[in-house]
Amino acid sequence: MAVPMILDCDPGHDDAKAILLAAADPAIDLLAITTVAGNSTLEKVTLNARRICAVAGLRDIPIASGADRPLQREPRIADDVHGESGMDGPAFGEPDVPLAGEGVVALMRRLVDESPEPVTLVPTGPLTNIARLLIEHPEVRTGIREIVWMGGSTGRGNTTPYAEFNALVDPEAADQVVRSGVPFTMCGLNVTHQAAVTEDVVNRLRGIDSVLAEVCVELMTFFAGRYKSLFGFDAPPLHDPVAVARVVDPTLVRCVDANLVVETTGEWTSGATCVDLHGITGRPANAKVAVELDVERFWDRFIEAVRALG
């Protein structure tokens, strides 16, 4: 049976690919796409969600616009990585995919309440929307199967020495969600860096010979250029679809149980995800933490999703 899922994202090149995998893979029943300010402003990431859905022919999945800033902090965007539009590369036209008539929190609450099965939430941006849902409607926790987040890291960060971007933008929200008691899985940089967009991956996409596949190639080409100049990567990592892949097939992303704490006050470490992989603190495990990606099977699943939508 397909897993009912809500994808909360901030498109973003890799978020766009997460949308495609979630929408096309038969293991997932994508109930809605919700957006949050992160990689770019809320207005831009919401437009980008509509753009990628229009290209992919996804017109029956509700899209709702959510939080335009973190719970407590000033907004922070990643235009150095994703460009002025938040999803630079292809020349997108005006999307013909409308927004839903509900706000994100109301939509999430309704979908969770109406679902006959517990719903999985997959946030691939800052956790602001998810935190707001849990704060404003704590009763929905019983209807959430799990939260699978692309964010954080078991090691170093990519925006500060110890903080990954999604965690750094709203660490207070991440802290709230981790401590909520809802089953939580973290797919951090340590595992998403294994999803490298190699030349072979790009060639496989080109071989599909569809408009959507070409858009994917153009997005990845722009993303590769930014990652090369900023981080020196020969092949950029495709972060966000890894969290979706964990829901598609848990054997694609191996996890371990560990204690996870989000740093909110450190002068140099705010946004750090402190993962006790070796049990040295004695604190009980409160999260599943991704450590290994089955790279070949991951790319097979993603390529097939693009082919199915093309």
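The values are calculated or read from the model by the stated rules, or taken from the named source; none is laboratory data. Source: prediction; values computed, not measured. Reconstructed Cβ throughout: ideal geometry from the backbone, glycine too, with neighbour counts over all protein chains shown.
Out of all the residues in the stretch 254-299, which are among the small types (Gly, Ala, Ser) and part of a strand (DSSP E or B)? Please lay out each step first, then the result.
In the first step, residues of the stretch 254-299 are kept if they are among the small types (Gly, Ala, Ser); the result is 258, 266, 270-272, 279, 282, 285, 287, 290.
Those that are among the small types (Gly, Ala, Ser) and part of a strand (DSSP E or B): ALA258, ALA272, ALA287, ALA290.
(1) in contact (Cβ under 8 Å) with a residue 12 or more places away in the chain; (2) more than 15 Å from ALA308 (Cα to Cα); (3) out of contact with any helix residue (DSSP H, G or I) (no Cβ under 8 Å at 6 or more places or on another chain); (4) not small (Gly, Ala, Ser): which one isn't true of LEU71, the others all being true?
The number of the failed condition is (3).
From the set of residues in the stretch 267-299 that are touching a strand residue (DSSP E or B) at 6+ places or on another chain (Cβ under 7 Å) and free of Cβ contacts under 8 Å to residues at least 40 places away in the same chain, which is farthest from ILE19 (Cα to Cα)?
Here the residue is THR281.
Scan the stretch 1-19 and give yes if some residue there is part of a loop (DSSP other than H, G, I, E, B), modelled with pLDDT under 95 and of a type in the set (A, V, I, L, M), otherwise no.
yes
Taking ILE130 and the conditions (1) β-branched (Val, Ile, Thr); (2) part of a helix (DSSP H, G or I); (3) without any contact (Cβ under 8 Å) to a residue 60 or more places away in the chain, which numbered condition does it fall short on, given that it satisfies the others?
(3)
Could you list, in sequence order, the residues of the stretch 80-98 that are over 16 Å from HIS239 (Cβ atoms) and either without any contact (Cβ under 8 Å) to a residue 40 or more places away in the chain or surrounded by fewer than 14 Cβ atoms within 10 Å (Cβ to Cβ) (or both)?
Once the filter is applied, which keeps residues that are over 16 Å from HIS239 (Cβ atoms) and either without any contact (Cβ under 8 Å) to a residue 40 or more places away in the chain or surrounded by fewer than 14 Cβ atoms within 10 Å (Cβ to Cβ) (or both), the stretch 80-98 yields GLU84, ALA91, GLY93, GLU94, ASP96, PRO98.
Give me the residue from the stretch 247-286 that is under 17 Å from ASN166 (Cα atoms) and among the small types (Gly, Ala, Ser) and, out of that set, surrounded by the most Cβ atoms within 10 Å (Cβ to Cβ).
GLY271
Does VAL244 satisfy being buried (at least 20 other Cβ atoms within 10 Å of the Cβ), touching a residue at least 12 places away in the same chain (Cβ under 8 Å) and assigned to a helix (DSSP H, G or I)?
Details: buried (at least 20 other Cβ atoms within 10 Å of the Cβ): yes; touching a residue at least 12 places away in the same chain (Cβ under 8 Å): yes; assigned to a helix (DSSP H, G or I): yes.
Considered against the rule, which asks whether it is buried (at least 20 other Cβ atoms within 10 Å of the Cβ), touching a residue at least 12 places away in the same chain (Cβ under 8 Å) and assigned to a helix (DSSP H, G or I), VAL244 comes out as yes.
Go through ARG109, ARG145 for me and flag whichever is surrounded by fewer than 24 Cβ atoms within 10 Å (Cβ to Cβ) and out of contact with any Pro (no Cβ under 7 Å at 6 or more places or on another chain).
On the way: ARG145 fails: out of contact with any Pro (no Cβ under 7 Å at 6 or more places or on another chain).
None of the other options fit; the residue is ARG109.
So which of LEU127, LEU205, LEU168 is over 16 Å from the mean Cα position of the chain (by Cα), under 23 Å from VAL81 (Cα atoms) and either surrounded by 19 or more Cβ atoms within 10 Å (Cβ to Cβ) or of a type in the set (Asp, Glu) (or both)?
Of LEU127, LEU205, LEU168, the one residue that is over 16 Å from the mean Cα position of the chain (by Cα), under 23 Å from VAL81 (Cα atoms) and either surrounded by 19 or more Cβ atoms within 10 Å (Cβ to Cβ) or of a type in the set (Asp, Glu) (or both) is LEU205.
If you scan the stretch 219-235, which residues turn out to be more than 13 Å from VAL202 (Cα to Cα) and of a type in the set (Ser, Thr, Tyr)?
Answer for the stretch 219-235, where residues must be more than 13 Å from VAL202 (Cα to Cα) and of a type in the set (Ser, Thr, Tyr): TYR227, SER229.
Of all helices (runs of 4 or more DSSP H) completely enclosed by the stretch 146-199, which ones contain at least 1 residues that are among the small types (Gly, Ala, Ser)?
Filter on the stretch 146-199 gives 165-169, 171-178.
Quick check on LEU21: is it in contact with a helix residue (DSSP H, G or I) (Cβ under 7 Å, 6 or more places away or on another chain) and either farther than 20 Å from VAL119 by Cα or surrounded by fewer than 24 Cβ atoms within 10 Å (Cβ to Cβ) (or both)? I'd like the intermediate steps shown before the answer.
Details: in contact with a helix residue (DSSP H, G or I) (Cβ under 7 Å, 6 or more places away or on another chain): yes; either farther than 20 Å from VAL119 by Cα or surrounded by fewer than 24 Cβ atoms within 10 Å (Cβ to Cβ) (or both): no.
So LEU21 does not fit the description; no.
What is the residue count in the stretch 28-50 for residues that are of a type in the set (Asp, Glu) and in a strand (DSSP E or B)?
Going through the stretch 28-50 one residue at a time, the tally reaches 1.
Does any residue in the stretch 157-185 that is closer than 26 Å to THR142 by Cβ come within less than 6 Å, Cβ to Cβ, of a residue that is in a helix (DSSP H, G or I) and of a type in the set (Gly, Ala, Ser) six or more places away or on a different chain, and which pairs are these?
Taking only residues 6 or more apart or on different chains, the pairs are ALA173/ALA131; ALA174/ALA167; GLN176/ALA131; VAL177/ALA131.
Enumerate the pairs (first residue in the stretch 7-22 and in contact (Cβ under 8 Å) with a residue 60 or more places away in the chain and within 14 Å of GLY86 (Cα to Cα); second residue anywhere and assigned to a helix (DSSP H, G or I) and of a type in the set (Val, Ile, Thr)) with beta-carbon separation below 6 Å, excluding pairs fewer than 6 apart on the same chain, so at least 6 apart or on different chains.
Note: pairs meeting the criteria are ASP10/VAL45; PRO11/VAL45; ALA16/ILE52.
Here is a list: GLY38, GLY57. Which entry is modelled with pLDDT of 95 or more and surrounded by 22 or more Cβ atoms within 10 Å (Cβ to Cβ)? If you could, list the steps in order and put the result at the bottom.
On the way: GLY57 fails: surrounded by 22 or more Cβ atoms within 10 Å (Cβ to Cβ).
Sole residue among the options that is modelled with pLDDT of 95 or more and surrounded by 22 or more Cβ atoms within 10 Å (Cβ to Cβ): GLY38.
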